[in-house]
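**Q** Quick one: structure below, then a few questions.
The values are calculated or read from the model by the stated rules, or taken from the named source; none is laboratory data. Since the structure is predicted, the reported quantities are computational estimates derived from the model, not experimental observations. Glycine also receives a Cβ, built like all others from the backbone with ideal geometry; neighbour counts cover every protein chain displayed.
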Amino acid sequence: MEKISFKTSILQRFIFLLLLTVLSIGICFYYGSKKIALELADQIVKESTDNVIERTINYLNVPTMQARPLSSLVRQSNITEIHEELWKYMWEELLVLPQVQTIFIADTYGNYVQVRREPDLATRLINRSVNPPVEKWLIRDENYRVIRVENGDANFDPRTRPWYKNTQAEPRIYWTDVYVFTTTQTPGISASYPVLDAQGQLIAVTCINTPLYSLSNFLAEQKVGQHGVALIVNAHGELVAHPDRQRLTRKDSVTGEFHLVHISELNEKWLTRAYQVYTQKNIRKFTIQVANKNYIVNVVPFPHSFISEWQVLVVIPETDVLGPVHALLWQASAISIAIVMVSIILMYFFAAKVTKPITQLVIETTKIKNLLLDEVRPVQSTIREIDMMNHALLSATHGLQSFRKYVPADLLRQLIQIGQEAKLGGEESELTIMFSDIEGFTSISERMTAQDLMLHLSEYFENLTHIIMQEQGTIDKYIGDGIMAFWGAPVKLFDAPQHACRAILACQRKLTELNEKWSLEGKPNLYTRIGLHTGNTIVGNVGSHHRMNYTVIGDAVNLASRLEGVNKFYGTRTIISQSVYEQVAHQFYCRPLDIVTVKGKSIGIKIYELIAEKNEPLSLAMQAFCSDCEQGIEAYLQQDWVRALEIFSTLHSLFPDDISVKLLMLRCQEFQRNSHRIPLDWNGATILEEKF
C-alpha cells in the first residue's frame with residue numbers, strides 16, 4: 001500500500017471536512033431559510049385572510065342588525081299609510097351606516113317605500129292602493145330637505161324581485177346571492193327580514209342593500225407578497241371582491257347588461273388555474289405551475305356560520321417568497337467558494353509549517369536509533385505537541401526518565417445567585433386588570449418597514465410601561481401591539497383601581513404628546529383602546545419546572561380583555577367595568593355608556609367611559625355631560641322612556657357623534673313605540689354577539 005506524506009494527509013482531510021461543512025451549512029441554510037420563508041408567507045396569508053374574513057363579516061353584519069328594528073315599525077299591511085314615518089327612520093339609518101346603499105320595505109299589495117344613497121340621496125314611494133298606481137321620487141339633500149320631485153311609471157313590482165321571493169314567514173335574516181345592482185351597476189348583496197301579522201302571516205318584507213366595492217378597496221390595501229393577489233369568490237366562482245374593483249363586472253355585448261365576472265374570465269391564467277385546481281381536487285393549500293412559474297395557492301373558506309359559501313383565494317408567485325432566499329444562497333455560495341479557496345491556501349502553508357518540525361523529529365529520532373546522540377539537536381516549533389515531542393526526545397537523549405505532563409487550566413464556572421426558590425402555583429386575589437390595543441395597528445404595520453415599526457412600537461411601549469410601573473402596576477406581557485398589566489400583585493394595593501385609572505389617564509395624555517411629536521417626525525399616530533376590570537383572579541407562577549411565567553388567570557381577565565374590544569363598538573378609548581367604577585367614582589369623572597352582555601357571558605354589566613380625575617380641570621360642559629348620562633341611564637333602566645328620551649335627545653343634539661348616546665336614544669324611541677314587546681325580565685342589557 002502506497003504511503004502518503006503527513007502534509008498530504010492533512011490537506012486531504014481538511015479539504016474533505018471543509019467541503020462537508022460548507023455543503024452541510026449551505027443545505028441546512030437553504031432548507032431552513034425556505035422553511036422560514038414559507039412559514040412567514042403562511043403567517044402573512046393567514047393574517048391577511050383572517051383580516052379579510054373578519055372585515056367582510058363585520059361589514060355585512062352591522063347593517064343587517066337594523067333589519068329587525070325596521071320591521072317592528074310596520075303595524076299594518078298597507079305601508080303607504082306610514083311611509084313618512086318609515087322614510088324618516090330609514091333615512092337616519094342610511095346616514096349612520098355608510099356601507100348601506102338602499103333601505104326599503106314592500107308589502108303584499110306591491111306598495112314600496114325606499115330611501116337610497118346613490119346616485120342621489122332620495123326617498124321613493126310606489127302606491128298601488130290607488131288606481132292607477134303612483135310612483136314618486138323625492139330627491140333630497142343630507143338635511144332631508146326636498147330638492148325636487150320626480151314621477152315614475154310605477155312599473156316596478158317589488159314582489160317579483162329575488163329578495164322578496166326569497167323571504168319566508170320564519171322571522172330571520174334572508175340573504176340573496178351576490179348580484180349587480182341595477183342603479184349603480186356594482187356588485188352587492190341584499191338582506192331581508194319578514195314582517196308578520198299576529199297570525200304569523202307575511203304582510204311585508206324589509207330589505208337592506210349593501211354594495212361590496214368596499215371589500216375590493218380593502219383587498220387593494222392587503223399586501224400578500226410583492227405580486228400576490230387576494231380575491232373573494234362565491235360558490236359559483238364569481239368574483240365578490242378584487243383588488244381592482246373595476247374588474248368585478250363585465251358588460252354583455254349583446255344585452256348591454258352588466259354581470260358578475262367569473263374567475264375563469266380573468267386574463268391572469270395563474271389565477272384561473274389556481275381556482276380550477278381547487279375545484280377539481282378540493283384542496284386548500286397547494287402549488288401550481290403556469291408558464292414555467294410556480295405559484296403558492298391558499299384557499300380559505302368563510303366560516304360555516306357565514307351567509308354564503310365564499311372563499312378567500314390567495315395566490316403568490318413563489319419567487320416573491322423564495323426569490324430573496326435564492327439570491328442569498330447564491331451570495332453565500334460565492335462567499336463559501338472564496339472561503340474554501342483561501343482556506344486551502346492557508347492550510348497548505350499551515351501543513352508545511354506543521355510537517356517541517358515533524359520531519360526534523362524523524363531525522364533526530366533516526367540519529368538516536370543509530371546511536372548518534374551527540375548529533376541530536378533540539379527542534380524548534382510553536383506547536384505544543386511537537387514541542388512536547390521535542391522535550392521527550394531530548395529527555396531520552398540525555399537519559400531523562402520522564403517529563404512533566406501538561407495540564408490545562410480548569411474552566412471557569414458561572415454562578416447565578418437566586419434570592420428565593422420559584423415554585424409553581426398561585427393564590428386567589430382581587431386584582432385590577434388592564435388590556436390595551438393599538439387602533440388600526442395592522443394597517444400601520446403595512447405602511448412601515450419592520451425596523452421602523454419596531455423602533456416606533458418600542459418607543460410607544462417604553463413610555464406607557466414607564467407610566468404603568470410608576471403607578472405600581474405589573475406588566476404581565478406584551479401581546480403583539482397590546483399590553484396586559486395588573487395592579488395588586490405581587491405587592492398588595494388597597495387602592496389598586498385608583499392607581500390603574502390614574503395610569504390609564506396618564507397613558508392617554510402621554511400618547512397625545514407623543515402623537516404630536518410623531519406627526520412632526522412624519523410617523524403614524526398611535527391611538528390606544530383600553531379595558532379595565534376589577535375582580536377575583538388566580539395570580540402566581542404557571543408553566544413547568546424548567547420555565548415559569550408570573551401571570552394572572554381567571555374570568556375577570558377575560559372580561560377585561562373583552563372590555564378593551566368593546567371600545568370599537570362605542571367609539572371610545574377607555575372603558576371600565578362597574579366593579580372599577582364603584583371604587584373610583586368619588587375620585588374620577590366617569591360617564592355610563594351602556595349595560596352589555598359580552599360574548600361568553602350570560603349576565604349584563606354596566607360599563608363606563610373614564611373621563612378624568614376630579615382633581616384635574618374639566619369643563620362644566622363635560623361634567624354636565626357625565627351627570628346627564630347617569631340620569632339618562634337611570635331613567636332608561638326604570639323604563640321611563642319619556643324622561644330618558646328627553647335626556648338622550650338633548651345630549652345627541654350637543655354631541656351628535658357620540659355613539660352611545662345615539663344608540664340609547666334610538667332604543668328609547670323603539671321601546672316607547674313598542675313597549676308591549678319588552679320582556680318582563682328586561683334588565684337593559686345589550687347582548688354583544690361579536691367577540692371584540
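**Q** For the structure I just gave you, tell me whether residue 85 is modelled with pLDDT of 85 or more, out of contact with any strand residue (DSSP E or B) (no Cβ under 9 Å at 6 or more places or on another chain) and under 23 Å from residue 688 (Cβ atoms). It would help to see each step written out before you state the result.
**A** Values: modelled with pLDDT of 85 or more: yes; out of contact with any strand residue (DSSP E or B) (no Cβ under 9 Å at 6 or more places or on another chain): yes; under 23 Å from residue 688 (Cβ atoms): no.
Spelling it out, it is not the case that residue 85 is modelled with pLDDT of 85 or more, out of contact with any strand residue (DSSP E or B) (no Cβ under 9 Å at 6 or more places or on another chain) and under 23 Å from residue 688 (Cβ atoms).
**Q** Let me ask something else. Could you tell me how many of the residues in the range 443-478 are without any contact (Cβ under 8 Å) to a residue 24 or more places away in the chain and among the aliphatic types (A, V, I, L, M)?
**A** Count: 6.
**Q** Residue by residue through the range 104-147, note down the ones that are at pLDDT below 90 and buried (at least 17 other Cβ atoms within 10 Å of the Cβ).
**A** Across the range 104-147, the qualifying residue is only 117.
**Q** Part of a helix (DSSP H, G or I), buried (at least 17 other Cβ atoms within 10 Å of the Cβ) and in the same structural domain as residue 156 (by TED's automatic domain parsing): which single residue out of 40, 95, 70, 20 fits that description? Reasoning before the result, please.
**A** Numbers: 40 fails: buried (at least 17 other Cβ atoms within 10 Å of the Cβ); 95 fails: buried (at least 17 other Cβ atoms within 10 Å of the Cβ); 20 fails: buried (at least 17 other Cβ atoms within 10 Å of the Cβ).
Testing whether each residue is part of a helix (DSSP H, G or I), buried (at least 17 other Cβ atoms within 10 Å of the Cβ) and in the same structural domain as residue 156 (by TED's automatic domain parsing) leaves just 70.
**Q** Given the residues 549, 515, 525, which is the only one that is farther than 27 Å from residue 611 by Cβ and in the same structural domain as residue 429 (by TED's automatic domain parsing)?
**A** Unique residue meeting the criteria: 549.
**Q** Can you list residue pairs whose Cβ atoms sit under 9 Å apart, with the first residue in the range 38-65 being at pLDDT below 80 and the second being among the aromatic types (Phe, Trp, Tyr) and loosely packed, with under 14 Cβ neighbours inside 10 Å? Count only pairs 6 or more apart in sequence or on different chains.
**A** Going by the 9 Å Cβ cut-off, there are no qualifying pairs.
**Q** Output the number of residues of the range 122-155 satisfying the condition of being in a loop (DSSP other than H, G, I, E, B), touching a residue at least 24 places away in the same chain (Cβ under 8 Å) and under 25 Å from residue 185 (Cα atoms). Give the derivation first.
**A** So the first thing to find is which residues in the range 122-155 are in a loop (DSSP other than H, G, I, E, B), and the list is 128-133, 141-145, 153-155.
If we keep only those that are touching a residue at least 24 places away in the same chain (Cβ under 8 Å) as well, we get 128-129, 142, 144, 154.
After this cut, where a residue has to be under 25 Å from residue 185 (Cα atoms) as well, the list is 142, 154.
Total meeting the criteria: 2.
**Q** Now, a different point. From the list 299, 312, which one is of a type in the set (A, V, I, L, M, F, W, C), touching a residue at least 60 places away in the same chain (Cβ under 8 Å), in contact with a helix residue (DSSP H, G or I) (Cβ under 7 Å, 6 or more places away or on another chain) and not in a loop (DSSP other than H, G, I, E, B)? Outline the logic, then answer.
**A** Numbers: 299 fails: touching a residue at least 60 places away in the same chain (Cβ under 8 Å).
Exactly one of 299, 312 is of a type in the set (A, V, I, L, M, F, W, C), touching a residue at least 60 places away in the same chain (Cβ under 8 Å), in contact with a helix residue (DSSP H, G or I) (Cβ under 7 Å, 6 or more places away or on another chain) and not in a loop (DSSP other than H, G, I, E, B), namely 312.
**Q** Let me ask you something else. Here's a check for you: in the range 203-235, which residue that is under 23 Å from the mean Cα position of the chain (by Cα) and assigned to a strand (DSSP E or B) is surrounded by the fewest Cβ atoms within 10 Å (Cβ to Cβ)?
**A** Quick first cut of the range 203-235, residues under 23 Å from the mean Cα position of the chain (by Cα) only: 212-233.
Those still in the list that are assigned to a strand (DSSP E or B) too: 229-233.
Numbers: 229: 22, 230: 25, 231: 24, 232: 24, 233: 24.
Once the filter is applied, the top-ranked residue is 229.
**Q** If you don't mind, another one. Can residue 670 be described as closer than 30 Å to residue 197 by Cα, surrounded by 13 or more Cβ atoms within 10 Å (Cβ to Cβ), touching a residue at least 12 places away in the same chain (Cβ under 8 Å) and charged (D, E, K, R)?
**A** On the way: closer than 30 Å to residue 197 by Cα: yes; surrounded by 13 or more Cβ atoms within 10 Å (Cβ to Cβ): yes; touching a residue at least 12 places away in the same chain (Cβ under 8 Å): yes; charged (D, E, K, R): yes.
Criteria met by residue 670.
**Q** Right, next: Please go through the range 440-466 and pick out each residue that is charged (D, E, K, R), at pLDDT below 90 and closer than 18 Å to residue 527 by Cβ. Let's see the steps before the verdict.
**A** Just the residues of the range 440-466 that are charged (D, E, K, R), to begin with: 446-447, 452, 459, 462.
When the remaining residues are screened for being at pLDDT below 90, the result is 446-447, 452.
Hits for the range 440-466 are 446, 447.
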